[in-house]
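Working notes for the structure below.
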Amino acid sequence: MSRLKHWRQRLSTADQPFDGWLLVATLSLMLIGWVMVTSASTEVASSLTGNPYYFSIRHGVFLVIALVLACLVLYVPLAWWRANGPLLLLVGIGLLILVLLVGREVNGSRRWLSIPGVPFNVQASEFAKLFLIIYLAGYLERFLPQVRQQWGAFLRPLVVMALITVLLILEPDYGAVVVMTSCVMGMLLMAGAPWGRFVLLLVLVASGAVLLAIAEPYRLARLTSFADPWADQFASGYQLTQALIAYGRGHWLGMGLGNSVQKLFYLPEAHTDFVFAVLAEELGLFGAIAVIGLFALLIWRAMAVGRRAELARLPFAAFLSYGIALIIGAQAFINIAVSTGMLPTKGLTLPLLSYGGSSLVVSALMMTLVLRADIETRRALRRKRSAAPRQAFGDVASSLTQQKRALQEGVTQ
């Protein structure tokens, strides 16, 4: 027990200015992502551009941009984000509307904005995701008692989410709908809203999801191919079967970094949505579990930051951390579950790992906001601890003064 206590003290970050484990997990995932994007994209990049490191170089540029922006955002107080939450939400909704009007269509989906003079596209839903969390954290801080007691205050964030859902379905981007809806529901649940409301909403959402699934033939085909991908392995089940082959080839220790066979034009989107399948093929079961462990560490530490902020009576920092932990966790779980056949196939990147500038930048900004929340929470707790001895000393001095006066009055009498 003493040895365990010793190691807990050594690994603790309680006396540090920020949570180092959160930073280590984030940077480790970003570095692993760059390595795996490089490995998974060489053949595709060579056939498309003649440069096998085309996607690797672009991902490295995105990584540098993400880190520079993260360093800048780290110096922005949370009070600024809290004050501008409604404005940021309007910007996010505006981006979703703009992408429907002038967005670039890729593979039948209109999700990207092309900015003149900028050599990459901007995915509007990624920024809308971040702005929604910031707005909802501020909303919960202002109306927390009403959210717990009144249906109206509980439903207002869901009305906003319904508007965003309509815009995302028009793109379409169903993966973003699932992730953002899960995040909003999770934040409301962690705010203390009654369970009964969630049961009713889950029934309604499930009914709507079934109607959406059977409304279009291609959605129904995705569901049937998910149930039995080998029944039509060269058509609707092709992507999933190739991903499962990659997992099977990985075994315990993998084929070795760079030795994936499935990335050689067998597995579509190997460096984006299905990068985890290539990782499992090259690094094996142990490598895949290590990456899942890093995600678990990141989500756990983000939740711990939120809990500390809640105990320190900093509700905006708490709900912001909770929301970011929920959305990163939901997106990572759905991406891995899709590539392993646990969920139907949908286009959704793996946070901090998959190729994509918007996803990488927004994920880095999210983790920076959690780090900022942790820094401000620790500062507030240190101020309280330093103020406590002074207050106690003042109370003792006041008591001695009163006793002295009483003694003098007694002598005089």
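The values are calculated or read from the model by the stated rules, or taken from the named source; none is laboratory data. Quick caveat: nothing in here was measured; it's all calculated off a predicted structure. Here the Cβ positions follow ideal geometry from the backbone for every residue, glycine too, while neighbour counts run over all protein chains shown. Surface accessibility is based on the protein's heavy atoms, side chains included, excluding ligands, DNA and RNA. Shrake-Rupley method; radii C 1.70, N 1.55, O 1.52, S 1.80 Å.
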Pseudo-spin-label distance ALA231 to LEU170, built 7 Å along Cα→Cβ, given in nm, is 3.5 nm
Ranking LEU90, LEU369, LEU285 by how far each Cα lies towards the positive end of the charge dipole of the chain (+1 on Lys and Arg Cβ, -1 on Asp and Glu Cβ), the top one is LEU369
With the 1.4 Å probe rolled over protein heavy atoms, the chain has an accessible area per residue in Å² of 50 Å²
In Å, the C-alpha Rg and Dmax of the stretch 1-83 are 19.3, 60
Taking Lys and Arg as +1 and Asp and Glu as -1, residues besides SER358 with C-beta under 11 Å from its C-beta add up to +1
With +1 at each Lys and Arg Cβ and -1 at each Asp and Glu Cβ, the charge dipole magnitude of the chain around its Cα centre, to the nearest 20 debye, comes out at 1820 debye
Treating every alpha carbon of the stretch 1-140 as one equal point scatterer without solvent, the Debye formula yields log10 I(q)/I(0) values at q = 0.15 Å⁻¹ of -1.04
Output for the stretch 134-195 (equivalent-ellipsoid semi-axes, sqrt of 5λ from the C-alpha gyration tensor, Å, descending) is 23, 11, 10
Computed for the stretch 255-399: size of charge dipole around the Cα centre, +1 on C-beta of each Lys and Arg, -1 on C-beta of each Asp and Glu, debye to nearest 20, value 980 debye
From the Cα centre of the stretch 310-334 to that of the stretch 71-126, the distance in Å is 21 Å
Checking VAL275, VAL205, VAL35 against a Gaussian network model of the chain (alpha-carbon springs below 10 Å), the top fluctuating residue turns out to be VAL205
Rg from C-alpha atoms of the chain, normalised by the globular rule of thumb 2.2 N^0.38 Å, equals 1.16
Taking the stretch 232-312, the equivalent ellipsoid from its C-alpha gyration tensor has semi-axes in Å, biggest first, of 33, 15, 9
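Percent of accessible area on the chain owned by carbon and sulfur, 1.4 Å probe?
That share works out to 67 percent.
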Among LEU11, LEU264, LEU140, the residue with the largest mean-square fluctuation in a Gaussian network model of the chain built from Cα contacts under 10 Å is LEU11
Connecting every pair of Cα atoms under 10 Å apart in the chain and solving the GNM, the largest mean-square fluctuation among PHE316, PHE131, PHE265 falls on PHE265
Measure of exposure for THR165: accessible area at 1.4 Å probe, Å² rounded to 10, is 30 Å²
Answer in debye to the nearest 20: the dipole magnitude of the stretch 18-133 about its Cα centre, from +1 Lys/Arg and -1 Asp/Glu charges placed on Cβ, is 240 debye
Burial-style ranking of 241-253, 344-356, average other-beta-carbon count within 10 Å with highest first, yields 344-356, 241-253
